[in-house]
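S.K.: Take a look at the following structure, please.
The values are calculated or read from the model by the stated rules, or taken from the named source; none is laboratory data. Quantities reported herein were computed from a predicted structural model and do not represent experimental measurements. As a convention, Cβ positions derive from the backbone with ideal geometry for all residues, glycine included, and neighbour counts pool all protein chains shown. Side chains included, ligands, DNA and RNA excluded: accessible areas come from the protein's heavy atoms. Shrake-Rupley method; radii C 1.70, N 1.55, O 1.52, S 1.80 Å.
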Amino acid sequence: EEDTSLRQYWYSASTLRLLCDLCSREDLKCVALLSTPSIFYALPPEARSKVWLLEFDRRWETGNDRFAFFDFNAPVEELPQHLRGVCDLIVADPPHINVATLERYVEAMRMLRAPGGRLLLTTAVDNEQWVAGELGAFPAAFVPKISLALGVLGRYRIFSTFRDGALTAKNEEDFPAGSAGGSAENSDGAEEDTSLRQYWYSASTLRLLCDLCSREDLKCVALLSTPSIFYALPPEARSKVWLLEFDRRWETGNDRFAFFDFNAPVEELPQHLRGVCDLIVADPPHINVATLERYVEAMRMLRAPGGRLLLTTAVDNEQWVAGELGAFPAAFVPKISLALGVLGRYRIFSTFRDGALTAKNEEDFPAGSAGGSAENSDGAEED
């Protein structure tokens, strides 16, 4: 399995086919794969004889005589002596998209590269200018897909120092015409802040949640960590809604904003909202139980007698949410720009019934696609 603690994400089947094709060219004598085990194991065994996997995760070392341990934080002088300056294709997928990490990978690629060797790097589209300047690599027309949110949303790119017909074709399998290169839904012109674990809902999910928040019988609605819902509501509907949020960008010009830090004691919640909210909607920034516990505590503090509760989180938390909140999953599967949400692994949990929640989200997840999991590699999941 992919190991997300190591920022390990698998490529889609179509992306793997392309990369394996490039690694199997007959004119290549030595190929180095940096942090790309999914490519190595997607290659037919006979094609691996000229390929080396340089990887931090030692799970791939067992029974693999083409494995070399690679820690991008270590000095490049620790790279295998027999690979330095002899690799005529180096493919790298750094675990982080920050420049500091990219610099270490570029340094390693240069150390391994044979004269005239080809370089291929996959990273976020936002790094295009840096990659062009530092590596002399440019984006391919083919948009790769990986199980990281940026990749699922078409915000990843293949950057190469060479031209190849395979790179000029578009990835119609993963991104049908008009969908590739899109960005996450934003809210009122502002971008999501992933450093705060902020991810926007899709348009269809927002319509559903806004509909629930606009019901005439509601007198006070509290939105915990869901600015995209607040700003998707028409201005006239916001008069009975409060946005409780940590990100103070949303405070400017907003008299319905209340600062909310889920790590703070619930006694710091606004006095005028305690026990009076007849609908509370929450989207915690993390899916771990410790975070969910803090949000549930806040929701109980705000809830009016008989008030409705709605929580969005990973499907894996279903049993915990049922036991602690008395909430159950809706048939409607929400989509958010986090990988779990894009892959249909998020759910809406509610303590109430509503016809809107019983409809399936066919717009985001056509029949048969919701609830899928990330591509895996040789039977293993990404870490």
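S.K.: Tell me, please, whether a residue that is closer than 18 Å to PHE260 by Cβ and in contact (Cβ under 8 Å) with a residue 24 or more places away in the chain can be found in region 313-320.
M.R.: Looking for residues that are closer than 18 Å to PHE260 by Cβ and in contact (Cβ under 8 Å) with a residue 24 or more places away in the chain, one finds at least one in region 313-320, hence yes.
S.K.: Then there's this: Answer yes or no as to whether ALA356 is assigned to a helix (DSSP H, G or I) and among the small types (Gly, Ala, Ser).
M.R.: Criteria met by ALA356.
S.K.: Output the number of residues of region 71-85 satisfying the condition of being surrounded by fewer than 17 Cβ atoms within 10 Å (Cβ to Cβ) and either assigned to a helix (DSSP H, G or I) or at pLDDT below 90 (or both).
M.R.: Selection size over region 71-85: 5.
S.K.: Looking only at helices (runs of 4 or more DSSP H) that lie completely in region 161-236, which have at least 3 residues being at pLDDT 85 or above and open to solvent by less than 50 Å² (accessible area, probe 1.4 Å)?
M.R.: Helices (runs of 4 or more DSSP H) meeting the threshold: 203-213, 227-232.
S.K.: Assess whether THR62 counts as being surrounded by 15 or more Cβ atoms within 10 Å (Cβ to Cβ) and of a type in the set (S, T, N, Q).
M.R.: Taking the combined requirement at face value, the residue does not satisfy it.
S.K.: Right, something else. Just the residues that are under 28 Å from the mean Cα position of the chain (by Cα) and under 22 Å from THR205 (Cα atoms), please, taken from region 258-289.
M.R.: ILE280, VAL281, ALA282, ASP283, PRO284, PRO285, HIS286, ILE287, listed by residue number.
S.K.: Here's something else I'd like to know. Restricting attention to region 57-70, which residues are at pLDDT below 95 and in contact with a Pro (Cβ under 9 Å, 6 or more places away or on another chain)?
M.R.: Result: ASP57, ARG59, TRP60.
S.K.: Another question about this same structure. Check ALA32 against each of (1) among the small types (Gly, Ala, Ser); (2) open to solvent by less than 50 Å² (accessible area, probe 1.4 Å); (3) modelled with pLDDT under 95 and name the one condition it does not meet.
M.R.: (3)
S.K.: From the list SER12, SER35, pick out the single residue that is in contact with a strand residue (DSSP E or B) (Cβ under 8 Å, 6 or more places away or on another chain) and at positive phi.
M.R.: SER35
S.K.: Right, something else. What about GLY116, is it on the phi > 0 side of the Ramachandran plot and loosely packed, with under 15 Cβ neighbours inside 10 Å?
M.R.: For GLY116, the condition - on the phi > 0 side of the Ramachandran plot and loosely packed, with under 15 Cβ neighbours inside 10 Å - is met.
S.K.: So which residues in region 240-256 are in contact with a Lys or Arg (Cβ under 8 Å, 6 or more places away or on another chain) and either more than 22 Å from ARG353 (Cα to Cα) or part of a loop (DSSP other than H, G, I, E, B) (or both), if there are any at all?
M.R.: Selection gives TRP242, LEU243, ARG256.
S.K.: Is it fair to say ALA68 is more than 30 Å from PHE175 (Cα to Cα), among the aliphatic types (A, V, I, L, M) and open to solvent by less than 30 Å² (accessible area, probe 1.4 Å)?
M.R.: Judged against the criteria, ALA68 is a match.
S.K.: Taking the conditions exactly as written (closer than 21 Å to GLY165 by Cβ and out of contact with any helix residue (DSSP H, G or I) (no Cβ under 8 Å at 6 or more places or on another chain)), does SER24 satisfy them or not?
M.R.: no
S.K.: Something else now. For region 300-336, which residues satisfy the criterion of being among the aliphatic types (A, V, I, L, M), farther than 19 Å from LEU224 by Cβ and in contact with a Pro (Cβ under 8 Å, 6 or more places away or on another chain)?
M.R.: VAL315
S.K.: I need the full set of residues from region 290-315 which are within 23 Å of the chain's Cα centre (by Cα) and either polar (S, T, N, Q) or open to solvent by 60 Å² or more (accessible area, probe 1.4 Å) (or both), in order please.
M.R.: ALA290, THR291, THR312, THR313
S.K.: Of these, ARG59, ARG118, which one is out of contact with any Lys or Arg (no Cβ under 7 Å at 6 or more places or on another chain), more than 20 Å from VAL143 (Cα to Cα) and of a type in the set (Lys, Arg)?
M.R.: Result: ARG59 is the single residue among ARG59, ARG118 that is out of contact with any Lys or Arg (no Cβ under 7 Å at 6 or more places or on another chain), more than 20 Å from VAL143 (Cα to Cα) and of a type in the set (Lys, Arg).
S.K.: Give me the pairs, please: first residue somewhere in region 59-71 and among the acidic types (Asp, Glu), second residue anywhere and in a loop (DSSP other than H, G, I, E, B), beta-carbon distance under 7 Å, and either six or more positions apart or on two chains.
M.R.: Pairs found: ASP71/PHE56.
S.K.: Also, I was wondering about something else. When you check ASP88 against the structure, is it modelled with pLDDT of 95 or more and either in contact with a Phe, Trp or Tyr (Cβ under 8 Å, 6 or more places away or on another chain) or open to solvent by 20 Å² or more (accessible area, probe 1.4 Å) (or both), yes or no?
M.R.: Criteria met by ASP88.
S.K.: Looking at this structure, is CYS23 farther than 28 Å from PHE175 by Cα, of a type in the set (A, V, I, L, M, F, W, C) and open to solvent by less than 10 Å² (accessible area, probe 1.4 Å)?
M.R.: no
S.K.: Evaluate the following for GLU236: is it more than 22 Å from ILE348 (Cα to Cα) and either charged (D, E, K, R) or without any contact (Cβ under 8 Å) to a residue 12 or more places away in the chain (or both)?
M.R.: yes
S.K.: Of the residues GLY307, GLY275, only one is in a loop (DSSP other than H, G, I, E, B) and in contact (Cβ under 8 Å) with a residue 12 or more places away in the chain; which?
M.R.: GLY275
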